[in-house]
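To start, the structure itself, in structure tokens.
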Amino acid sequence: MKLWGGRFEGEASTFFEKFSNSLHFDRKLVFEDIEGSRAFAQALLRERVLTPDECRRILEAFSEIADEAQDPRYFDGAEDEDIHTFVIRKLGEKVGPVAEKMHTGRSRNEQVSLDLRLYLRSAADTLLDRLGDLMSELLALARKYPDAVIPGFTHLRRAQPVLWPHYLLAFFEMFARDCERVRQARERIDVMPLGSGALAGSGFPFDREALAQELGFRAISRNSMDASGDRDFALDFLYGCSVIMLHLSRLAEDWILYSSEEFNWITLGDGVTSGSSLMPQKKNPDSLELIRGKSGRVFGSLTSLFVTIKGLPMTYNRDLQEDKETLFEAFDHTSESLAMAKIVAQSATLNPGKALAAVEESWAVATDLAEELARNGVSFHRAHQIVGRLVLESLKAGKKPGDWTGDTLAAFAPEFKPEMARLLAPSEGMEMRELPGGTGAQAVRRALEEAEQRLKQMRESSGER
Ligand code: ARG
């Protein structure tokens with residue numbers, strides 16, 4: 001069945017039909033399409049295009065179609081052009097010719113935008129839930145080792161000691177911003193396009209506000225041409241997905257390193273690692289590698305849609321059909337990667353002794369010593385030089401910070417007071433970092449409590465959606 005054809009004399013090329021059909025992927029929108037069409041049937045009733053009895057029969061038939069569509073075999077053998085055509089054909093099979101009234105004053109251009117918006121609105125909710133689950137798991141992992149110390153890196157070189165919870169809270173903040181981004185995208189998705197017609201506004205005076213209310217949208221679109229050709233709500237969604245994947249990928253990269261034999265700070269559960277078909281000793285972090293790998297595909301989706309839209313003349317063009325596969329895929333990768341990361345976090349254990357040893361074997365306390373000199377009146381530039389020399393000397397002599405004492409320090413440079421030797425222990429320098437946002441024990445304890453509160457509030461407010 002086709003929703004058009006009167007104007008044509010020649011048959012469609014079968015190759016073109018196959019080339020242009022989208023049912024094999026837009027069938028994913030079947031429930032959204034039915035939901036939108038149900039609301040639209042009621043709008044047609046209000047306009048007296050449908051009689052109450054016709055509308056009732058149509059609504060019943062839509063319910064049946066929704067039930068039947070639960071079974072994926074429902075689509076077997078269907079050759080319809082797209083999901084909209086498929087649903088109308090199914091409707092016709094149930095209610096007869098009255099189904100043909102369903103396209104009165106409605107275009108597939110607005111219908112497809114509506115379906116996508118319905119789909120992405122609930123996709124955004126799924127992402128928010130999964131982000132929340134992961135964030136809660138990160139907090140639990142922080143709570144397990146409240147005092148553990150790890151080396152913080154810059155340039156992948158041991159830089160300064162930080163608390164393990166401080167490190168995890170950094171990711172918590174990234175994911176908290178991701179939640180904001182997804183919520184903002186959701187706001188712009190949450191706009192109802194029906195009534196726009198093909199591009200010029202419908203020829204029937206539908207009560208668009210009533211349609212929006214019925215479908216739970218916060219607003220109606222303001223311009224029919226914009227509604228027909230716009231996909232930036234989908235770009236917003238893909239950008240949100242991309243930044244989530246970017247953050248997940250960095251977390252994955254860290255944990256792949258930290259769980260390697262070279263680091264051995266964390267151990268990943270057997271359940272999220274795999275072995276080698278050849279090398280019996282291997283325990284590989286494939287779950288994290290796949291997260292890192294999938295991120296590239298999601299960035300590709302964002303780029304792909306950008307390029308698809310960039311040169312399109314106003315308003316709708318069939319190019320826009322190419323938005324869907326990549327969008328669905330990006331959503332699936334992102335929500336699955338979030339769920340995977342949560343399971344990995346659940347399985348991970350920290351080896352606090354190893355991480356601490358990595359601090360103690362290095363000169364990660366060098367900044368603490370220099371700052372202590374500066375607190376005692378030495379200019380920071382001079383302090384930096386003195387400690388730099390101390391590090392150089394130690395490296396030559398194979399000494400670690402713990403090999404120095406108050407006396408040997410004072411003998412090394414007169415600026416050192418013997419009591420400054422306490423800063424050779426990593427916990428001492430961290431105590432100086434109690435300002436908000438720092439890695440001081442109290443600051444981190446407070447940050448952890450605040451994070452728990454924020455997450456709780458976030459989850460409560462998303463429960464009200
Ligand atoms: N399958 C189309 C899409 O995904 C639906 C809209 C078709 N509209 C049209 N005028 N051909 O964009």
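Region 364-465 holds helices (runs of 4 or more DSSP H) entirely within its bounds, and those carrying 1 or more residues that are free of Cβ contacts under 8 Å to residues at least 60 places away in the same chain and in contact with a Gly (Cβ under 9 Å, 6 or more places away or on another chain) map to 366-375, 426-431, 441-463.
All of (1) open to solvent by 10 Å² or more (accessible area, probe 1.4 Å); (2) within 30 Å of Gly229 (Cα to Cα); (3) in contact with a Leu (Cβ under 9 Å, 6 or more places away or on another chain) hold for Gly203 with one exception: (3). Considering Ala348, Ala339, Ala357, the condition of being buried (at least 18 other Cβ atoms within 10 Å of the Cβ) and modelled with pLDDT of 95 or more is satisfied by Ala348 alone. Selection over region 59-84 of residues that are outside any helix (DSSP H, G or I) and either open to solvent by 40 Å² or more (accessible area, probe 1.4 Å) or within 16 Å of the ligand (Cβ to nearest atom) (or both) gives a count of 9.
For region 254-303, which residues satisfy the criterion of being among the hydroxyl-bearing types (Ser, Thr, Tyr) and surrounded by fewer than 18 Cβ atoms within 10 Å (Cβ to Cβ)? Outline the logic, then answer.
Residues of region 254-303 that are among the hydroxyl-bearing types (Ser, Thr, Tyr), as a first pass: 258-260, 267, 273-274, 276-277, 287, 295, 301, 303.
Scanning region 254-303 gives Ser260, Thr267, Ser274, Ser276, Ser277, Thr303.
Of the helices (runs of 4 or more DSSP H) lying entirely inside region 221-332, those containing at least 3 residues that are without any contact (Cβ under 8 Å) to a residue 60 or more places away in the chain and out of contact with any Cys (no Cβ under 8 Å at 6 or more places or on another chain) span 232-258, 286-310. Residue-level check: of (1) open to solvent by less than 70 Å² (accessible area, probe 1.4 Å); (2) touching a Pro at 6+ places or on another chain (Cβ under 8 Å), Met174 misses just (2).
Within region 85-97, the set of residues being open to solvent by 30 Å² or more (accessible area, probe 1.4 Å) and within 16 Å of the ligand (Cβ to nearest atom) comprises just one member, Arg89. Close contacts from region 24-35, counting a first residue that is within 14 Å of Asp80 (Cα to Cα) and a second that is away from the ligand (no atom under 11 Å from the Cβ) and not aromatic (Phe, Trp, Tyr), with Cβ to Cβ under 7 Å and a gap of 6+ residues or different chains, come to Val30/Ala69; Val30/Val87. Among the residues making up region 210-219, a single one is surrounded by fewer than 18 Cβ atoms within 10 Å (Cβ to Cβ) and closer than 25 Å to Met314 by Cα: Ala219. From the set of residues in region 304-332 that are within 14 Å of the ligand (Cβ to nearest atom) and acidic (Asp, Glu), which is most open to solvent (accessible area, probe 1.4 Å)? Step by step, filter region 304-332, then rank; the result is Glu322. Screening region 98-134 for residues that are small (Gly, Ala, Ser) and within 14 Å of the ligand (Cβ to nearest atom) and picking the one that is farthest from the chain's Cα centre (by Cα) gives Ser107.
The values are calculated or read from the model by the stated rules, or taken from the named source; none is laboratory data. No experiment lies behind these values; they were computed from the predicted model shown. Every residue, glycine among them, receives a Cβ derived from its backbone with ideal geometry; neighbour counts consider all protein chains shown. All accessible areas refer to the heavy atoms of the entire protein, side chains included, with ligands and DNA or RNA removed. Shrake-Rupley method; radii C 1.70, N 1.55, O 1.52, S 1.80 Å.
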